[in-house]
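Below: the structure, in structure tokens.
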Amino acid sequence: MKNKPIIIFAVVLLLALGSWYYFSQKSSTDSLETTETQVTGDTPSLPAGGMETGELSASDTTAPEVKEFTIASDHFSFVPNSMQVKKGDRVKITFSNPAGTHDFKIDEFSVATAKLSAGQNATVEFVADKAGAFEYYCSVGNHRAMGMWGTLVVTE
Ligand SMILES: [Cu+2]
């Protein structure tokens, strides 16, 4: 008679422990599976070089990021007078020429618009496939010498 409550208590305790053990096993198996999936997902990119490969493919991929700029002539200057892109970016520049006769050129990327009359626009597109600082300028008359130029910076 005296032992009965203890036995019941022990059984309840065992059941509780058993189900706790069962569920904790189950959930740890679940989290193991999740971890495994994440690991297999990461594994191919890690031995391939991690960050470096990511950067390389960002500049080498055939579908590069397109950077769009609108640049305007303003008397004998360009606004903005500097642009920055990453090596490998496809660069799309719309040159807007509200007044005067001007063009837009970047020799290193063989970029050139026609000479635009007042009110005309032109768009050029190229891939910034080398890093460095490159001058864009207007080739009309002595405009470049008068300050009609700017800098395209291509970072690695
Ligand atoms: Cu000009």
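The values are calculated or read from the model by the stated rules, or taken from the named source; none is laboratory data. Since the structure is predicted, the reported quantities are computational estimates derived from the model, not experimental observations. Here the Cβ positions follow ideal geometry from the backbone for every residue, glycine too, while neighbour counts run over all protein chains shown.
Listed by position, the strands (runs of 3 or more DSSP E) contained in region 113-156 that have at least 2 residues being within 15 Å of residue 76 (Cα to Cα) are 132-137, 149-155. When residues in region 137-154 are screened for being within 9 Å of the ligand (Cβ to nearest atom) and surrounded by 15 or more Cβ atoms within 10 Å (Cβ to Cβ), 7 of them pass. Residue selection: residue 94 satisfies the criterion of being assigned by TED's automatic domain parsing to the domain that holds residue 79, at pLDDT 95 or above and surrounded by 15 or more Cβ atoms within 10 Å (Cβ to Cβ).
When region 100-119 is filtered for residues that are within 10 Å of the ligand (Cβ to nearest atom) and either of a type in the set (Gly, Ala, Ser) or touching a Pro at 6+ places or on another chain (Cβ under 6 Å) (or both), only 100 remains. Tallying residues that are in contact (Cβ under 8 Å) with a residue 40 or more places away in the chain and within 14 Å of the ligand (Cβ to nearest atom) within region 120-136 yields 1.
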